Amino acid sequence: MTDEPNEPQHDKFHTDNTNEVVDFIDKVKAGWMRWGDWLLAAMLIASASWFAYNYYTGHKNTEREEAYRDLAGSDSPEVLAAISQKATYSTIAPQAALRAADLFLKKAQVEADAAKSKEALNKAEGLYQRVADNAALPLAFRANALLGLASVAETKGNWENAEADYKKVADQTDETLPNLADLAKARLALLPALKVPVVFGAEPIALPTPAIVPAEDTAAPPALPLTTPEVPATTAPATPPAPAAPKGLEAPLK
């Protein structure tokens, strides 16, 4: 009986590895043939989603920066009101609305034309009301809007509405926003004095204008001479003659 020659170990290991690689490649090919289209579609969808997300976030960041820049750089109530309408961020829209309302209120208080003043006051009231009615906003925004509504009511002379709004602010912010609560309480204390109408004094009686009497023509006094008047010179008296000698004492004539 003869022994069969032993097969080299390294050749067997190489053969086994080669078979495993070939089997793996065949499985990959079979899997790709079955799922390749789906995997490719999934990769395309993931890439498109990533690009879309980056574009959306970048656009929103740009929009937010532009809105903040417009909010900080504008003093026009019309522009600020437009920003409050188109802004999608929860912090920009109410800020723009409150600033626009403040400017409209100020305009209404100084406008001489009654129609324009009423129009500005109504715009301010609408913006304040929109912020105050939005329950999703933080309390600070809603409380400031109520203070604005109270100011509008004061301007219109609606003292009951003003008092009600100030009380709402005082009650809602007493613990969380004490500064606003103190402001509302201070305005409440001033309302009784503000309700009293200002009484102006009676019109002064116009006094008759005195008639202007023309002055009588009087002769002007003579002008003083420019030169000093000459004073006549006085002649010194002549030396009196010497008295005559008494008789008998005359000097003998030679």
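Checking each residue in the range 130-182 for being acidic (Asp, Glu), part of a loop (DSSP other than H, G, I, E, B) and over 25 Å from the mean Cα position of the chain (by Cα) picks out Asp174, Glu175. Here is a check on your reading of the model: is Pro214 modelled with pLDDT of 60 or more, loosely packed, with under 10 Cβ neighbours inside 10 Å and on the phi < 0 side of the Ramachandran plot? Here the answer is yes, as Pro214 does meet what is asked.
Pairs linking a residue in the range 124-150 that is under 22 Å from Ala108 (Cα atoms) to a residue that is charged (D, E, K, R) and buried (at least 24 other Cβ atoms within 10 Å of the Cβ), with Cβ atoms under 7 Å and 6 or more positions apart or on different chains, are Leu146/Asp165; Leu149/Asp165; Ala150/Asp165. Just wondering, is there one or more residues in the range 87-96 that are in contact with a Lys or Arg (Cβ under 7 Å, 6 or more places away or on another chain) and modelled with pLDDT under 80? There is at least one residue in the range 87-96 that is in contact with a Lys or Arg (Cβ under 7 Å, 6 or more places away or on another chain) and modelled with pLDDT under 80.
The values are calculated or read from the model by the stated rules, or taken from the named source; none is laboratory data. No experiment lies behind these values; they were computed from the predicted model shown. When we count neighbours, we look across all protein chains shown, and the Cβ atoms used for this are built from the backbone with ideal geometry, even at glycine.
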